[in-house]
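Here the structure is laid out as structure tokens; the discussion comes afterwards.
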Amino acid sequence: MQGNKIGYLIGGTILATTCLAQAETLQPDPAWQQGKLENGFSWQILQTPQRPNDRIQLRLLVKTGSLVEKNHQRGYTYLIPKVVLSSSKDLSSQELENLWHNAIDTKNPFPPAIVSYDFTLYSLSLPNNRPELLQDALIWLSDIAGGAVFIPETVAQATKEEEYPVTTFPPNVQDPVWRMRLQGSTLIDHDPGLPISKPVDVKKVENFYHQWYTPDAMTLYIAGNVDRRLLSERINQTFSPLEGKRQTPVPVPTLLPLKAATIGVVSDKIKQDRLSLTWNLNWLPINDSQTLIQYWLNDLAREALYRYLQLGLQEKQDDMKLGLDCRVIYQRANCSLNLDTSSDKLMESTLYLASQLSSLRENGLPEGQFDELYSQKKAQLRQLFAMYARTDTDILINQRLLSQQNNVIDIAPEQFQRLRQVFLSSLTPQILNKKLKEMLSQEISFILVQPKGEETVDVNQLKNSFNQIMRPGPLPEKP
């Protein structure tokens with residue numbers, strides 16, 4: 001159990017070697033039961049008796065996306081979910097309509113289908129104590145996994161069907177910052193979400209589907225108050241008939257490290273200027289205790305940084321807004337400190353941010369802020385099992401997906417508690433401040449996104465003014 005988010009590493013082994021003389025292998029959480037059928041279809045079930053009233057979550061992950069498309073197949077991976085969401089080989093139209101009527105969680109809506117470069121994810125959220133709905137859901141997912149109906153009627157309906165929206169990951173693949181991030185990668189020119197060219201050759205789409213939708217490239221995740229033994233038997237009965245085997249290896253998605261750059265772009269989707277200070281993180285799979293403790297230290301340093309800036313804004317009573325966004329995509333990780341403000345206050349806000357970051361780097365975190373943060377983390381650890389018991393099934397299953405996508409061992413609460421205690425017992429202000437100084441000494445990119453129609457701001461001028469405070473050169477020698 002890694003909490004409610006995946007963290008990102010920026011190196012450093014001081015705390016890890018202080019805490020543990022030898023790395024301890026992380027053990028996968030045994031609460032997740034796993035299995036694989038003879039045809040290669042995999043499944044994972046988390047039984048949650050502590051959440052008897054939660055909805056039952058189902059996720060079918062198919063390891064295929066727009067990266068496998070050739071030029072004449074552009075849009076196929078985006079069309080296929082539209083076909084399978086609106087039709088079924090084994091459910092009547094009434095049964096399918098009833099399933100969809102109950103399968104959307106209005107409190108925590110999740111897209112029924114997400115298409116990315118290397119995966120397609122189907123999601124259902126069912127009310128508890130409705131075994132007939134769960135059975136229909138498994139039947140419908142097996143249709144997705146190998147029994148989709150490709151005829152002119154279902155394809156024509158899919159090209160105009162908006163009732164079951166299919167989204168992409170990232171949500172906006174045309175975002176200027178994301179386009180910059182793609183330069184030099186294998187993902188370029190393979191955008192998910194491309195509309196298919198018309199007229200559609202139904203047979204070619206069907207052949208593409210059977211080539212890439214094979215049981216050995218699929219995993220079904222289920223979390224909820226279910227009978228694991230009975231459910232595993234139903235999965236075996238429902239998905240064992242699937243046939244096919246992946247013949248062509250999936251291209252490996254890669255991203256180059258983010259180069260320090262200065263970029264200004266215009267967007268018609270924002271109303272305020274956004275300046276992003278972005279830096280790389282050295283991501284490592286989390287499979288042993290030393291790597292996990294490195295992650296915790298870096299994650300805590302980022303939280304301390306953000307808290308420090310937020311407290312400064314409260315005292316300043318400024319209307320500028322700050323956000324910190326850290327993520328791992330394709331084994332590359334980066335963080336962005338996002339500053340939202342009006343264009344007339346952009347320079348002033350940039351200079352204020354530089355002065356705050358410079359002070360934090362040189363002086364470290366104030367003692368009172370360290371003590372408050374440390375006390376909060378100790379209190380959270382004491383409440384770990386109570387917090388775990390309150391965690392909704394949709395968070396649990398999405399965390400599982402995220403962990404496995406980023407090569408993180410999703411450990412049990414007991415091991416988490418023991419290692420977290422070791423980490424906190426060895427943490428000192430000196431260790432945290434050393435990590436903050438290391439973080440704030442990295443090369444960063446300056447990315448300014450401005451609303452369309454606004455007077456353009458010189459990003460280089462912002463960067464130079466920022467660096468005069470954060471990275472001042474040597475003082476000139478006295479004559």
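The values are calculated or read from the model by the stated rules, or taken from the named source; none is laboratory data. These numbers were taken from a predicted model, which means no experiment stands behind them. So basically every Cβ, Gly included, is an ideal-geometry build from the backbone, and we count neighbours across all protein chains shown.
Within the bounds of the stretch 227-235, is there any residue that is among the hydrophobic types (A, V, I, L, M, F, W, C), outside any loop (DSSP other than H, G, I, E, B) and within 27 Å of the chain's Cα centre (by Cα)?
So far as the stretch 227-235 goes, no, none of its residues is among the hydrophobic types (A, V, I, L, M, F, W, C), outside any loop (DSSP other than H, G, I, E, B) and within 27 Å of the chain's Cα centre (by Cα).
Filter the stretch 65-99 down to the residues that are among the basic types (Lys, Arg) and not in a helix (DSSP H, G or I) and list them by number.
Lys70, Arg74, Lys89
Would you mind stating whether Leu322 is of a type in the set (A, V, I, L, M) and either part of a strand (DSSP E or B) or without any contact (Cβ under 8 Å) to a residue 24 or more places away in the chain (or both)?
Yes, satisfied.
Among the residues of the stretch 408-449, what is the count of those that are more than 30 Å from Ile469 (Cβ to Cβ) and either outside the structural domain of Ser336 (by TED's automatic domain parsing) or not β-branched (Val, Ile, Thr) (or both)? Before you say what the answer is, go through the steps one by one.
We begin by selecting, within the stretch 408-449, every residue more than 30 Å from Ile469 (Cβ to Cβ); these are 408-426.
Add one more test, that the residue is either outside the structural domain of Ser336 (by TED's automatic domain parsing) or not β-branched (Val, Ile, Thr) (or both), and what stays is 410, 412-421, 423-426.
Residues in the stretch 408-449 being more than 30 Å from Ile469 (Cβ to Cβ) and either outside the structural domain of Ser336 (by TED's automatic domain parsing) or not β-branched (Val, Ile, Thr) (or both): 15 in total.
Among the candidates Lys89, Lys107, which residue alone is surrounded by fewer than 16 Cβ atoms within 10 Å (Cβ to Cβ) and without any contact (Cβ under 8 Å) to a residue 12 or more places away in the chain? Full working, then the answer.
Working: Lys89 fails: without any contact (Cβ under 8 Å) to a residue 12 or more places away in the chain.
Unique residue meeting the criteria: Lys107.
Pro192 - would you say it is within 27 Å of Gly40 (Cα to Cα) and in a loop (DSSP other than H, G, I, E, B)? Walk me through how you get there before you give the answer.
Details: within 27 Å of Gly40 (Cα to Cα): yes; in a loop (DSSP other than H, G, I, E, B): yes.
Judged against the criteria, Pro192 is a match.
On the given criteria, is Thr248 surrounded by 15 or more Cβ atoms within 10 Å (Cβ to Cβ) and among the polar types (S, T, N, Q)?
no
Answer yes if at least one residue in the stretch 170-183 is within 22 Å of Lys89 (Cβ to Cβ) and either out of contact with any Phe, Trp or Tyr (no Cβ under 6 Å at 6 or more places or on another chain) or crowded, with 20+ Cβ neighbours inside 10 Å (or both), and no otherwise.
no
Output yes when any residue across the stretch 192-206 is more than 29 Å from Gln450 (Cα to Cα), surrounded by fewer than 19 Cβ atoms within 10 Å (Cβ to Cβ) and among the small types (Gly, Ala, Ser), and no when none is. Reasoning before the result, please.
Step one: list which residues in the stretch 192-206 are more than 29 Å from Gln450 (Cα to Cα), which gives 196-206.
So of that shortlist, the ones also surrounded by fewer than 19 Cβ atoms within 10 Å (Cβ to Cβ) come out as 197-204, 206.
From what's left, among the small types (Gly, Ala, Ser): 197.
So far as the stretch 192-206 goes, yes, one or more of its residues are more than 29 Å from Gln450 (Cα to Cα), surrounded by fewer than 19 Cβ atoms within 10 Å (Cβ to Cβ) and among the small types (Gly, Ala, Ser).
Mind checking whether some residue in the stretch 204-212 is in contact (Cβ under 8 Å) with a residue 40 or more places away in the chain and touching a His at 6+ places or on another chain (Cβ under 7 Å)?
No - not one qualifying residue is present in the stretch 204-212.
Anything in the stretch 384-410 that is under 13 Å from Asp29 (Cα atoms) and either free of Cβ contacts under 8 Å to residues at least 40 places away in the same chain or among the polar types (S, T, N, Q) (or both)? List them, or say none.
Gln399, Ser403, Gln404 - these are the residues of the stretch 384-410 that are under 13 Å from Asp29 (Cα atoms) and either free of Cβ contacts under 8 Å to residues at least 40 places away in the same chain or among the polar types (S, T, N, Q) (or both).
Show the residue pairs meeting these rules: Cβ distance below 9 Å; 6+ apart or different chains; first residue within the stretch 142-167 and under 19 Å from Ser116 (Cα atoms) and outside any strand (DSSP E or B); second residue at pLDDT below 90 and not hydrophobic (A, V, I, L, M, F, W, C).
Ile144/Ser88; Ala158/Ser86; Ala158/Ser87; Thr159/Pro195; Thr159/Lys198; Tyr164/Ser86
Considering Leu365, Leu351, Leu346, Leu381, which residue is farther than 20 Å from Leu436 by Cβ, crowded, with 17+ Cβ neighbours inside 10 Å and touching a residue at least 24 places away in the same chain (Cβ under 8 Å)?
Step by step, each of Leu365, Leu351, Leu346, Leu381 is checked, and only Leu346 is farther than 20 Å from Leu436 by Cβ, crowded, with 17+ Cβ neighbours inside 10 Å and touching a residue at least 24 places away in the same chain (Cβ under 8 Å).
Matching residues to (1) surrounded by fewer than 14 Cβ atoms within 10 Å (Cβ to Cβ); (2) closer than 30 Å to Val62 by Cβ:
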{"residue": "Lys269", "(1), (2)": "yes, yes"}
{"residue": "Trp283", "(1), (2)": "no, yes"}
{"residue": "Tyr295", "(1), (2)": "no, yes"}
{"residue": "Tyr306", "(1), (2)": "no, no"}
{"residue": "Tyr330", "(1), (2)": "no, yes"}
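Cβ-Cβ below 6 Å, separation at least six or inter-chain, first residue in the stretch 273-301 and within 18 Å of Thr428 (Cα to Cα) and not assigned by TED's automatic domain parsing to the domain that holds Asn334, second of a type outside the set (A, V, I, L, M, F, W, C) and surrounded by 19 or more Cβ atoms within 10 Å (Cβ to Cβ): which pairs?
Listed pairs, sorted by first residue: none to list.
Being part of a loop (DSSP other than H, G, I, E, B) and closer than 25 Å to Pro52 by Cβ is the filter here; which residues of the stretch 348-405 pass it?
Our first condition is that a residue be part of a loop (DSSP other than H, G, I, E, B); within the stretch 348-405, this holds for 364-366, 383, 391-392.
Matches in the stretch 348-405: Gln383, Thr391, Asp392.
Please find, within the stretch 292-349, the residue that is nearest to Gly364 (Cα to Cα) out of those that are modelled with pLDDT of 95 or more and hydroxyl-bearing (Ser, Thr, Tyr).
Tyr308
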